[in-house]
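Chemist: The structure's right below; bear with me while I get my questions together.
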Amino acid sequence: MTNLIRAVLPPFVFFVTYNVAAQTAKSWNPSISPSGIIFYDGPLASWRGNALLGGLSSKALIRLALDHDRVIGEERIDMNRRIRDIIQSSDGTILLLSDGTGGELLRLSPTDSK
């Protein structure tokens, strides 16, 4: 097996280092302890194209309104629980996973505004 691995893998690996400083799009002090992130593309038009991320220490869902690579607005939605991860289902529903012993799967979906 060792001979097969040596035959397939090169005897050395190249590493390339770039000295490029990236501009931070958004930071928080104190930290929100960000967790999962998605870029929303569901049926709620006012949120479409926004970044949604979970906050552990902030116990919130954070919505960042974006203009290309700039953050132009922020909304914190208090969830009163540590948000560990976030996904968007195929129908546009947002699913949040809370952290801890009594962890929950939370489902957020838009309501009709009639």
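The values are calculated or read from the model by the stated rules, or taken from the named source; none is laboratory data. Given the structure is predicted, the values throughout are model-derived calculations rather than measurements. All Cβ positions, glycine included, derive from the backbone under ideal geometry; neighbour counts span all protein chains shown.
Chemist: What is the number of the single condition among (1) small (Gly, Ala, Ser); (2) surrounded by 13 or more Cβ atoms within 10 Å (Cβ to Cβ); (3) modelled with pLDDT under 95; (4) not in a loop (DSSP other than H, G, I, E, B) that Ser46 does not meet?
Modeler: Of (1) small (Gly, Ala, Ser); (2) surrounded by 13 or more Cβ atoms within 10 Å (Cβ to Cβ); (3) modelled with pLDDT under 95; (4) not in a loop (DSSP other than H, G, I, E, B), only one is false for Ser46: (2).
Chemist: Take segment 74-95 and flag every residue that is touching a strand residue (DSSP E or B) at 6+ places or on another chain (Cβ under 8 Å) and within 15 Å of Leu44 (Cβ to Cβ).
Modeler: Glu75, Ile77, Ile86, Gln88, Ser89, Thr93, Ile94, Leu95, listed by residue number.
Chemist: Under 7 Å between Cβ atoms, which residue pairs at least 6 apart in sequence (or on different chains) link something in segment 72-92 that is over 12 Å from Glu104 (Cα atoms) with a partner that is surrounded by fewer than 13 Cβ atoms within 10 Å (Cβ to Cβ)?
Modeler: So the pair list comes out as Gly92/Pro43.
Chemist: While we're looking at this one, here's another question. Write out, first by first residue and then by second, each pair whose Cβ atoms fall under 6 Å of each other, whose residues are 6+ apart or on separate chains, and whose first residue, in segment 24-36, is among the β-branched types (Val, Ile, Thr) while the second is in a strand (DSSP E or B).
Modeler: Correct list of pairs: Ile32/Gly55.
Chemist: When segment 49-62 is examined, which residues are found to be of a type in the set (Gly, Ala, Ser) and either touching a residue at least 60 places away in the same chain (Cβ under 8 Å) or in a strand (DSSP E or B) (or both)?
Modeler: Ala51, Gly54, Gly55, Ala60
Chemist: Okay, next question. Looking only at residues in segment 59-114 that are exposed (fewer than 13 other Cβ atoms within 10 Å of the Cβ) and of a type in the set (Ser, Thr, Tyr), which one is farthest from Ser35 (Cα to Cα)?
Modeler: Applying the filter and picking the extreme gives Ser113.
Chemist: Additional query: Residues in segment 5-27: is at least one surrounded by 12 or more Cβ atoms within 10 Å (Cβ to Cβ), assigned to a loop (DSSP other than H, G, I, E, B), under 14 Å from the mean Cα position of the chain (by Cα) and at pLDDT below 95? Give the derivation first.
Modeler: The initial filter retains those residues of segment 5-27 that are surrounded by 12 or more Cβ atoms within 10 Å (Cβ to Cβ), namely 26.
Then keep just the ones that are assigned to a loop (DSSP other than H, G, I, E, B); that gives 26.
When the remaining residues are screened for being under 14 Å from the mean Cα position of the chain (by Cα), the result is 26.
Adding the requirement that they be at pLDDT below 95 leaves 26.
Yes, the conditions are met somewhere in segment 5-27.
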